[in-house]
Amino acid sequence: MRTRITVNFNSKREARAVADALTPDNVDASKQVRVKTVVRGKAVEASVNCYGRLETFIATVDDLLSCMLAAEKTLHAVRGEVK
């Protein structure tokens, strides 16, 4: 199973910060799951390949999206923005 998720941000800098925040999670992915994250302009593009169970695939995508959201909220909090 595989998917590509693209999330757009307000700036290239914000996209880079979110992608960098996800990098440690990508390193520790299991042998059954491959996650690759790249920045394309103002967007973060994440590719997920799963060679295991459907539940693993769903959990990985859920975790990826949760981490993206947490990174974005942290950026806004640091800037004093309410979102």
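Table for the structure above
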{"item": "The chain: C-alpha gyration tensor shape, a/c 1.5 cut-off, then a/b vs b/c", "result": "prolate"}
{"item": "Between helix 12-27 and the chain: long-axis angle, C-alpha atoms, 0 to 90°, nearest 10", "result": "30 degrees"}
{"item": "Positive-end residue, the stretch 2-78 charge dipole about Cα centroid, Cβ charges, pick of Val44, Phe57, Ala70", "result": "Val44"}
{"item": "Proximal charge balance of Val48 [Cβ under 9 Å; K/R count +1, D/E count -1]", "result": "+4"}
{"item": "Helix-only CD estimate at 222 nm, as mean residue ellipticity for the chain, using -39500 (n - 2.57) per DSSP H run (n ≥ 4)", "result": "-17000 deg cm²/dmol"}
{"item": "Where Cα atoms sit under 25 Å apart: lysine pairs in the chain separated by 8 or more or lying on different chains", "result": "8"}
{"item": "Computed FRET value (nearest 0.05) for Asp20 with Asn49, which takes r as the C-beta separation and R₀ as 22 Å", "result": "0.55"}
{"item": "In Hz, Karplus ³J(HN,Hα) per residue of the stretch 42-52 (6.51, -1.76, 1.60; θ = phi - 60°; x = Gly, Pro)", "result": "8, 10, 9, 10, 10, 9, 10, 10, 10, 9, x"}
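Values in this text are rule-based calculations from the coordinates and carry no lab data. Nothing here was measured: the structure is a model prediction, and the numbers come from that model. Virtual Cβ from ideal backbone geometry, glycine too; neighbours counted across all protein chains shown.
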